[in-house]
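Read the structure below first, then the notes.
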Amino acid sequence: MTSTSTSTSLRARPARSGATAPVDTRARRAALHPYLFIAPFYVLYVLFMLVPIAVALWLSLCEWVGLGAPHWVGPRNYAHLLTDASFHRALGNTGIYVLVSLLVIVPAALFVAQAINARGVRARDLWRTAYFVPIVVSPIVVALIFGLIFDRQFGLLNSVLRALFGTGSVDWLGDPTLSKVAISLVMVWRWTGYLTIFFLAGLQNVPRELYEAASIDGAGPVRTFFTVTLPALKPVAAFVAVTSFIGAAQIFDEPYLLTGGGPAEATLSVAMFIYRAAFERQQFGYAAAAGVVLFVVVFTLSRLFNRLLGIGRTQ
Amino acid sequence: MFTPSRHLHPSPTRPPSRRALLRGAAGLGATAALTACGQGATTPRTSGDVTLALWTHDQNYEDFFTRSIPAANRLTDFAYHLSTTRAGAPDLVTKLLAQAVAERGVPDMVGFEMSAFPRMLRGDIAERLLRDLGEDVARTPGLKEDLLPARTAPFSKDGKLYGLDSDTPLIVHYYRRDLFEKYGLPAGADTWEEFARIGERAHREHGVALNAVVTGPDVNQVVQSFQMLFNQRGGGLFDKDQRLTLDSHEAVEALEFICRGLRAGFITPVSDYFGGPMQAALKQGKVIGVLMATWFKIYGLMPNVPEQKGRWGMAAPPRFAAGGHATATTGGTGFGVLRGKPNTLAAAEFLRSTYLTHEAQVRRFHDLGYLPTRASVYRDKALLRTTDAYLGGQRPFDVYTALLDDVPRVYVSPDQSILNDVLAGCLLGAYRGDLTPRAAIRKAAADFRDQAGR
């Protein structure tokens, strides 16, 4: 078969020599087809991702009030960031939000998922929906509700504290430390249910046989959790941890709407710092420089997490 | 097949090829797109039908300007129509700058809320985008002298006027007349010292506050609470040349008074002037007085406690014994006109005829409740006779005219936002007792210099 076909093709080639060019062109075109199909994504990617990033990089080296030609200042914006106490505060606050996200929200989501996934739980869908609702509620509504809850004089929380313990003038949103606690509580309320869904999906994929085997081996609930559940959930947990980290590092809604970054920048996040510089102070170059720093930090740490947690690797 | 002559001399009767048609269509499309992207005609309109693009953050302004069209048509050579866009006050500036960069979609008239306008003062933004309305004012003899400097100063830069204010938001003391009488509290204290004594007694005996200051997330409102007293005491955040003048004994004195009030309880902290907690405080009768601009009745009292109609009164604010002014101002919205547009003249004429004439200012007070910005209008007999049902039939102009001669000018800076951020934090620190008033003011000034230099 092989020799026949080879000889046929060899014989055919001289006869078709006149049509070589069109065939080659057609073959080249055919080879281009897959690229044409994936081109729209890359065109949009270049237009709406790479070009803005390049412009942001260039803008970070300029001074620009938002109108007229940007004025080149070189790395001056970055030098100012190094000595800007506000930026340092924003970085510190954002670090706290990231820690809350990774050390409180992610474990809480896993705990809730484990509870909902337990055998014999009634109205499982109702619980799941209830936990998921906060993430679909508008952040504006969330801010309004929690603003009323946390208000010092007339807030619900202080009223309850007053009724129960006789003390209730805690300045939840006005005290530099407590305001961070208030923001963290809202973050926990808002994001735990959302992340629970991911863990729940992961838990439902853990083979029942593993739990049965652990039970036969005499493992208790805690041992089963650490030897069966957690290892099985590792890919989901890693994904949740990295996405939570990225989300918390770019947090904006909660501090912006609840405390405006105050008091005295005690809850200011880096994303808010960028917004403030650009859209309240007309310092677009400075904002771009802060944005580049945030991007570099988030990208680097995300890559580090990916590597440490083995996301995307089969083994 | 290929014959050069055919290409060089195409037959006139030959129908165009499909490719030629496509090219033609593409060319026409590109031309149309480029035309659409262009600025359009730039020949200034001097009369006739004109549709003004108006941007504002407040439905009330839209309604007022719409109702004012017949008057504007009568007083000018134009026949006006309005196309209004509404957005949040800070968003209007952001959107305006974005449209200006795009060189299209720029409005003809924009309302700048006082806290958003300082952004227009950064660099040469105002100069590049806005018409100097001072020239329009100067065309009417005597008008420039009649306009209250307190309301032109915040919207001026380098001697040019970029916005006409909608209001003269004088600071007054609103108080619950019924509860003051019930508790035996005298209204209209002459000095803040006397006010403090009355307030301390009111809080001690009845658990009520005679004023509120904002300690919530809105830094503008936090600063506003302090700035009203500071300006009345004779200080200012910035001078005419936009230099910081915060660090002064007037600032310390004003802050000391607020801190004293918070500790004694006759001033109460609220998260903001308009939200739920303030409404609860007003409804429960815990806050029975508020030092605020005249517009607070419309935006703060009437919507939050409509059932208290007739129970409120208004008095001139007490004065600082050490000096200062009879009152101050806070807030306001200035309307500016975009320059270099076909409708620039039409917009300037529209604004002049709806905002600057005597009749227009009287109409604006009746429609919106905003006080005239021309001194002469305060002598209008009809206005002087006006009574206010919400204030129990009180004649408000009795209070306004008594204050009008001593209203300080307020200057703003493009760095206002930076100052608000740092000052709000320091004020709250002083309110909590973490900082002394003097230390708070000094820290705010130092932090401002550190950040504004960037």
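FYI, it's all coordinate maths here, none of it is from the lab. Please read these numbers as outputs of a predicted model, since none were measured by experiment. Using ideal geometry, Cβ is built from the backbone for each residue, glycine included, and neighbour counts are taken over all protein chains shown.
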### Query
Can you give the angle from 0 to 90° between the axis of helix A:156-165 and the longest principal axis of chain A, with both taken from C-alpha atoms, to the nearest 10?
40 degrees
### Summary
Computed from every Cα-Cα pair in segment A:138-188, P(r) in 5 Å bins starting at 0 and rounded to whole percents is 5, 23, 27, 27, 14, 4, 1
#### Entry: Partner chain coverage, peptide B:209-218 - average Cβ within 10 angstrom
4
### Message
I need the shape label for segment A:76-309. Rule: rounded when a/c is under 1.5, else prolate if a/b > b/c, else oblate, with a, b, c from the alpha carbon gyration tensor.
### Response
oblate
### Residue-averaged beta-carbon neighbours from other chains (10 angstrom radius) around B:115-123
3
### Task
Ignore the peptide's own chain and count Cβ atoms of other chains within 10 Å of each Cβ in A:275-281; give me the average, rounded.
6
### Query
Among residues other than A:PRO70 whose Cβ falls under 14 Å from its Cβ, what is the net charge (Lys/Arg +1, Asp/Glu -1)?
0
### Query
Relative to the longest principal axis of chain A, what angle (0 to 90°, nearest 10) does the C-alpha long axis of helix A:124-136 take?
90 degrees
### Query
Nearest 10 degrees, 0 to 90: what angle lies between the long axis of helix A:2-15 and the longest principal axis of chain A (Cα atoms)?
70 degrees
### Query
Counting DSSP beta bridges in chain B, what percent are antiparallel, to the nearest 5?
60 percent
### Overall form of segment A:63-110 per C-alpha gyration tensor (a/c, 1.5; a/b vs b/c)
prolate
### Task
At 18 Å minimum axial length over the Cα atoms and a Kyte-Doolittle cut of 0.5, report the qualifying DSSP H helices in chain B, or say none.
B:18-37, B:89-102, B:416-432
### Task
Among B:VAL93, B:ALA79, B:ALA187, flag the residue with its Cα farthest along the positive direction of the charge dipole of chain B, charges on Cβ as +1 for Lys/Arg and -1 for Asp/Glu.
B:ALA79
### Message
Sequence gap at least 6, Cα distance under 8 Å: using those rules, report the relative contact order of segment A:228-311 to the nearest whole percent.
### Response
31 percent
### Query
What is the dipole size for segment A:76-309, taken about its Cα centre, with +1 at each Lys and Arg Cβ and -1 at each Asp and Glu Cβ, in debye to the nearest 20?
280 debye
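Which shape class, rounded, prolate or oblate, goes with the protein assembly as shown when its Cα gyration tensor gives a ≥ b ≥ c as root eigenvalues, a/c under 1.5 marks rounded, and past that a/b bigger than b/c marks prolate?
oblate
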### Task
Run through the DSSP bridge list for the protein assembly as shown and note the antiparallel percent, rounded to the nearest 5.
60 percent
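Which net charge results for the neighbourhood of B:ALA89, defined as the other residues with beta-carbon distances under 13 angstrom from its beta-carbon, given Lys and Arg at +1 and Asp and Glu at -1?
Residues close to B:ALA89 contribute a combined charge of -2.
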### Message
Charges at C-beta only: +1 for Lys and Arg, -1 for Asp and Glu. How large is the resulting dipole of chain B about its Cα centre, in Debye rounded to 20?
### Response
1340 debye
### Query
Within straight cross-link reach of B:LYS182, meaning Cα distance under 20 Å, which aspartates and glutamates are found once same-chain residues fewer than 8 apart are removed?
B:GLU194, B:GLU200, B:GLU205, B:GLU307
